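Inspection log for the structure reproduced underneath, given as structure tokens.
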């Protein structure tokens, strides 16, 4: 059975957190968005009228007959199967809790450029976006980054990983979060390595892992762009 | 071992989704927020510097030594233990996916009254709140409610439950969502039963379950108020 990832084409978006896990694990997966008829295949599955319910939104994973929506849910399912999560139930729920905190952060990043409505253009909600992005950079980023930095520093196995002695999917997601924040908010992120040294080291270490490095250089890695979660709008970016 | 639920005192908030599962299952649990020193006990656990990391935010569950944060994560852990979720792994992930869609909806409800920043008062972001609430009621509520209505209608076991033949924690969360929306947006919700009949029937059926009915009448059920997720600000509420 080959895992199938369904997502929008042309952007990293939320799907990228799942791609990173597949790429690092060296697991063969079908990235349906890359196929010419990928979006159509995805929409067909989403319009399906059989039980259990079709997903509310992409991304979702198809593993045989099982369809699993939501990034954190997908990673919780895949993690122990591909060597990126503890095997014990308690550890899986603790790791999942960390991933759900990343999910919340990602939603807040998205809302910096769409604070009023996903149906409106950025240009039509730019004033609210400026206010939301300023509050996000001033209050929320330090709160989330401070939390993850402490979690790394307090790991009894050392600050190279967020949980336990080995790499997990949360470490990969933290890499993506740093990468995305540096793309979207280069001014605000200047100097972040001094403030969050363990996060910055994790970011560098993941980037240098052989499979990840190969993936990041490949054409499979879509460049950041202004269709994704992390968008670079200079008017939203401030020095800290 | 008695389960311990940690949350802010004086509001339903996100903790209520967990309380409903405990109450319906008839499981003895300690609601730490009800104790005079409850908030202090919660903050002590959150400031803990040992691995695994303390939760980013309440609510969280303590089950023996295990601490599980995030509502959907807690419910995924509890569900099969208290008879409110399938036992098989695939079914658990499908149910969890539905709960995570509810999580997203809850975050959007919250942002109708706080679209710019949780650090600002409602009064200081009221214009943005009006715009966001209008878009939420016009676009997002029909999208989410339509999704859950279809999921109920398409259940092969009948529209009384969202997944499979019996009550799950997602049915309880959908009840809470209807209840909260009727409190926060009474004008917008007028006539919702005609548009979403299966959701409305589920709402009524859950309210009449003996244990839930007893809970809702008890002093353990905190009334909705303007500290929670679902807040009634008349200026945000519009007829559909």
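Just so it is clear, none of the values below were taken in a lab; they were calculated from the coordinates. In this text the structure is predicted, and so the values were computed from the model without any measurement. As a convention, Cβ positions derive from the backbone with ideal geometry for all residues, glycine included, and neighbour counts pool all protein chains shown.
So what is the calculated 222 nm ellipticity per residue for the protein assembly as shown, using -39500 (n - 2.57) for each DSSP H run with n of 4 or more, over all residues, to the nearest 500 deg cm²/dmol?
That calculation yields -15000 deg cm²/dmol at 222 nm.
Select from A:84, A:20, A:100 the residue whose mean-square fluctuation is largest in a Gaussian network model of chain A (Cα-Cα springs shorter than 10 Å).
A:100
Pairs of alpha-carbon atoms within less than 8 angstrom and 6+ residues apart define the contacts here; what relative contact order does the range B:89-236 have, in percent?
24 percent
Residue B:81 to residue B:150: extension gain in nm, 0.36 nm per residue of separation minus the Cα-Cα distance?
Difference between extended and current length: 22.0 nm.
Please arrange B:145, B:175, B:17 by counting, for each residue, the other beta carbons lying within 10 Å of its beta carbon, fewest first.
With the fewest neighbours first, B:145, B:175, B:17 line up as B:145, B:175, B:17.
Grab the Cα-Cα distance for residue A:121 and residue A:226, subtract it from 0.36 nm times how many residues apart they are, and report the gain in nm with one decimal.
Length gained, residue A:121 through residue A:226: 36.6 nm.
In chain B, what % of DSSP beta bridges are antiparallel (nearest 5)?
Expressed as a percentage, antiparallel bridges in chain B total about 70.
Among DSSP beta bridges whose residues both lie in the protein assembly as shown, state the antiparallel percentage, nearest 5.
Around 70 percent of the beta bridges assigned by DSSP in the protein assembly as shown are antiparallel ones.
Where is the GNM fluctuation largest for chain A (alpha-carbon springs, 10 angstrom cutoff): A:108, A:23, A:89?
Maximum among the listed residues: A:89.
Run through every distinct alpha carbon pair of the range B:56-131 and return the Kirkwood hydrodynamic radius in angstroms, one decimal place.
14.5 Å
Taking every pair of Cα atoms in the range B:3-81, average 1/r, invert it to obtain the Kirkwood radius, and report Rg/Rh to two decimals.
0.93
Let me understand the range A:89-209 better: what is its radius of gyration from the alpha carbons, and its Dmax, in angstrom?
15.4, 48
Pulled fully out, how much extra length does the chain show between residue A:193 and residue A:157, if you take 0.36 nm times their separation in residues and subtract their Cα-Cα distance?
Fully extending the segment from residue A:193 to residue A:157 adds 10.8 nm.
Describe numerically, in nm with one decimal, the distance between label points set 7 Å from Cα along Cα→Cβ at residue A:27 and at residue B:213.
Going from the residue A:27 label point to the residue B:213 one covers 4.7 nm.
Rounded, prolate or oblate, given the Cα gyration tensor of the protein assembly as shown, with a/c below 1.5 counting as rounded?
Cα axes put the protein assembly as shown in the rounded bin.
Using Cα springs under 10 Å in a Gaussian network model of chain A, which residue among A:15, A:83, A:180 shows the largest mean-square fluctuation?
A:83
Let me know the mean shielding of B:68-77 by other chains, meaning the per-residue number of their Cβ atoms within 10 Å of its Cβ.
5
Give the average, rounded to an integer, of partner chain Cβ atoms located within 10 angstrom of each Cβ in B:130-139.
Per residue, the number of nearby Cβ atoms from other chains is 3 on average.
Counting pairs of Cα atoms in chain B, how many percent are more than 32 Å apart?
20 percent
To the nearest whole number, what is the average tally of beta carbon atoms from other chains within 10 Å of the beta carbons of peptide A:88-99?
Taking the mean over all residues of the peptide, I get 6.
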